[in-house]
Amino acid sequence: MRQSGAIDPSHIDPTHIDPSHVAIIEPVRDSAIPVQLIYVEMIDGVYAPIGLRTPPGDGPFPLILFAAGNGGGGMAVVQDFTQNRSWTQERFLASGYAVAWLRYRAEVDYAYDRLGKLIEDRRQNRQLLSRGPLEYDDVIAIAEYVKTLPGIAADRIGYMGMSHGGEMAFKIASEYHGIRAMIANEPAAHEFLRLKPDATAHVNPSTGLLNVERMLMREPEKVRARITEDVARQRMAPIETPIFVQGRDTDELQGIFRVCYDLLVELGKPAQWSSYDHDLHGFVYVRRNEQGVYEPDAVQIRAVDDSIAFFDKYLKDSR
């Protein structure tokens with residue numbers, strides 16, 4: 001097995017690699033459990049990378065898909081997260097879960113709002129799509145793929161997304177019911193809620209794109225007044241998946257986080273809420289410190305324990 005880094009073709013025996021199902025095993029720093037670096041085919045035939053790890057034994061194991069922020073970066077990001085942001089995954093592995101870091105295509109600004117649901121058809125015996133796939137469509141494709149893998153319990157797939165990954169939980173659950181439980185950590189769900197910008201939002205002069213994340217949105221009642229509530233409710237109406245919304249007390253988007261939860265409850269959806277007092281955005285995914293070791297604090301430990309307890313409720317086999 002190789003250390004993390006770029007693939008060295010001289011170390012690969014091409015007779016042992018299926019070009020349609022590429023999977024390379026690498027060790028994980030300070031862990032006895034390696035990672036399988038896999039390229040997964042998306043709905044349009046391109047490939048997205050994941051890093052899959054399973055506990056010792058034959059399974060079948062429940063699996064948690066982990067997403068952080070916006071997409072892009074490819075396999076290098078999967079490798080970096082696996083090697084340097086996987087304390088949380090280690091806790092899940094110790095609790096009997098398979099885990100996988102995901103990468104997906106980059107977010108397209110407000111495309112979700114403009115383009116509608118992806119529909120697949122056929123023309124001249126070939127695939128025809130109603131639009132180009134978006135980042136959350138990639139996660140749906142990955143979820144469908146991992147269900148086919150040996151050792152994975154196909155009916156016990158969970159998803160944990162942070163920031164934009166948290167917003168994707170709502171986009172996915174609105175259209176797809178193949179994930180049993182989801183965590184939306186610090187969900188930057190302004191697009192899903194169709195937030196109307198105010199004077200604190202700024203346009204990047206070099207691109208012309210509006211940055212609504214610069215708006216001050218700590219207070220739920222002020223956020224509630226600025227979302228397009230009928231659209232948000234329509235999008236949430238099909239959701240069946242239990243969602244644990246995790247806020248962060250000092251985050252400038254805390255109001256967005258809370259409104260996501262409040263709307264779920266008002267619509268009678270299975271939902272849970274906790275907020276945590278931490279200075280770091282993305283605190284739930286513990287990074288190595290400058291000395292190269294994981295040093296989680298009490299809040300991070302509690303948040304991850306809460307996350308495992310939530311998934312235990314929905315994904316652990318009760319037979």
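The values are calculated or read from the model by the stated rules, or taken from the named source; none is laboratory data. Predicted model, so just to flag it, every value in this text is computed and none were measured. Reconstructed Cβ throughout: ideal geometry from the backbone, glycine too, with neighbour counts over all protein chains shown. SASA here: full protein model, heavy atoms, side chains in, ligands and nucleic acids out. Shrake-Rupley method; radii C 1.70, N 1.55, O 1.52, S 1.80 Å.
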- Compute log10 of I(q)/I(0) for the chain with the Debye formula, placing one identical point scatterer on every Cα and leaving out solvent, at q = 0.08, 0.15 Å⁻¹, to two decimals. -0.36, -1.30
- Message: Cβ neighbours within 10 Å, averaged per peptide: list 111-122, 270-281 in order, most packed at the top.
- Response: 270-281, 111-122
- Item | Percent carbon-and-sulfur accessible area, the chain, ignoring ligands, DNA and RNA, probe 1.4 Å | 51 percent
- Task: Determine the per residue accessible area of the stretch 224-319 with all protein chains present and a 1.4 angstrom probe, expressed in square angstrom.
- Result: 47 Å²
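What is the percent of Cα-Cα separations in the stretch 52-118 that go past 14 Å? Walk me through the intermediate numbers first.
Values: 1403 of 2211 pairs.
Tail of the P(r) past 14 Å holds 63 percent of the pairs.
Rounded to the nearest 5, what % of the DSSP beta bridges within the chain are antiparallel ones? Kindly include the intermediate steps, with their values, before the conclusion.
Details: 22 of 48 bridges.
Given both bridge residues lie in the chain, the antiparallel proportion sits at roughly 45 percent.
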- How are the Cα pair distances of the stretch 65-172 distributed, in percent, across 10 Å bins from 0? 12, 41, 33, 12, 2
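Measuring with a 1.4 Å probe in the full set of protein chains, what accessible area per residue, in whole Å², belongs to the stretch 74-136?
Numbers: 2950 Å² over 63 residues.
Per-residue accessible area for the stretch 74-136 comes out at 47 Å².
Only helical DSSP H runs with n ≥ 4 go in: add -39500 (n - 2.57) per run for the chain, normalise by residue count and round the 222 nm mean residue ellipticity to 500 deg cm²/dmol.
Numbers: 9 runs with 94 residues, N = 319.
Rounded to the nearest 500, it is -9000 deg cm²/dmol.
How large is Rg over Rh for the stretch 232-318, taking Rg from the Cα atoms and Rh as the Kirkwood inverse mean of 1/r across Cα pairs?
Values: Rg = 15.1 Å, Rh = 14.6 Å.
Radius of gyration over Kirkwood radius for the stretch 232-318 works out to 1.04.
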